[in-house]
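*Asks:* This structure is in structure tokens; I'll ask about it shortly.
The values are calculated or read from the model by the stated rules, or taken from the named source; none is laboratory data. No experiment lies behind these values; they were computed from the predicted model shown. Cβ coordinates were reconstructed from backbone atoms using ideal geometry, including for glycine residues, and neighbour counts include every protein chain displayed.
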Amino acid sequence: MVCFMKNNRGFTLIEVLISTILIAAVVVMVLWAINLARTGQERASKREDLLQIERTLYRKLVMPLRGIYPFYKRDEKGRPVLRFNGEPQSLSFVTTYTEPWRKNLANTTGLRWMKVFVDGDELKVKENLFFADEPEENADEKLLYSGVEELRFEYLDPKEDLWTDEWDEDRNTLPLAIKVKLSFLYREKTIHMPPIVVYIRTARRGQL
């Protein structure tokens with residue numbers, strides 16, 4: 001019969017092995033807990049960063065659309081032409097939404113002309129005075145986000161109650177609503193924002 005006994009000089013081999021295993025298990029559990037906490041913190045930070053990007057894009061895109069105003073500019077023949085032109089990947093309009101903290105002339109008149117468009121993978125905005133004859137000329141241009149996968153506008157026809165991907169100036173009236181679809185890259189992952197529908201409060205006024 002074999003037995004392990006502690007002698008006066010220290011512990012037996014099996015006691016040393018058991019204590020070593022216990023210490024290793026505790027170390028593994030501590031490292032696992034630290035890694036779990038760090039992973040949770042990183043995920044929370046990513047979520048917060050993503051929410052901040054979405055809030056910024058929402059403010060930069062949706063707020064101006066909510067302020068769309070039916071401004072008519074007379075052409076060379078004296079006919080009133082509505083300053084609104086919508087395409088699948090670009091949209092130009094006059095809005096009451098201004099950013100007075102930005103020190104450019106377009107934000108000091110109460111109305112401003114804007115164009116939202118995609119240039120490559122960059123989401124950009126042009127701004128100018130709402131009454132400028134050629135607003136795209138000498139317009140202020142700024143970058144909203146780099147890494148856009150898709151930007152798509154759709155327009156709700158108030159007469160037919162159908163969505164269309166184009167709305168040119170020849171209609172001379174505003175759409176009832178605008179749908180915005182946006183996808184962008186975030187840390188090498190494509191983020192699809194839920195489609196946003198903005199109803200144009202002045203649509204009925206923008207009819208001649």
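*Asks:* Could you please let me know if GLU54 is outside any strand (DSSP E or B), among the acidic types (Asp, Glu) and surrounded by 12 or more Cβ atoms within 10 Å (Cβ to Cβ)? If you could, list the steps in order and put the result at the bottom.
*Replies:* Values: outside any strand (DSSP E or B): yes; among the acidic types (Asp, Glu): yes; surrounded by 12 or more Cβ atoms within 10 Å (Cβ to Cβ): yes.
Criteria met by GLU54.
*Asks:* I need a count of the residues in segment 57-96 that are free of Cβ contacts under 8 Å to residues at least 60 places away in the same chain and within 24 Å of PHE184 (Cβ to Cβ).
*Replies:* Number satisfying all stated conditions: 7.
*Asks:* Restrict the check to segment 112-125 and report whether at least one residue is part of a loop (DSSP other than H, G, I, E, B) and either at pLDDT below 90 or within 20 Å of ARG66 (Cα to Cα) (or both).
*Replies:* Within segment 112-125, the first condition is being part of a loop (DSSP other than H, G, I, E, B), and the residues that meet it are 120-121.
Within this subset, residues satisfying the condition of being either at pLDDT below 90 or within 20 Å of ARG66 (Cα to Cα) (or both) are none.
The answer is no, given that none of the residues of segment 112-125 is part of a loop (DSSP other than H, G, I, E, B) and either at pLDDT below 90 or within 20 Å of ARG66 (Cα to Cα) (or both).
*Asks:* For the condition of a type outside the set (S, T, N, Q), within 21 Å of ASP119 (Cα to Cα) and outside any helix (DSSP H, G or I), what is the one hit in GLY86, GLY78?
*Replies:* Numbers: GLY78 fails: within 21 Å of ASP119 (Cα to Cα).
Among GLY86, GLY78, only GLY86 is of a type outside the set (S, T, N, Q), within 21 Å of ASP119 (Cα to Cα) and outside any helix (DSSP H, G or I).
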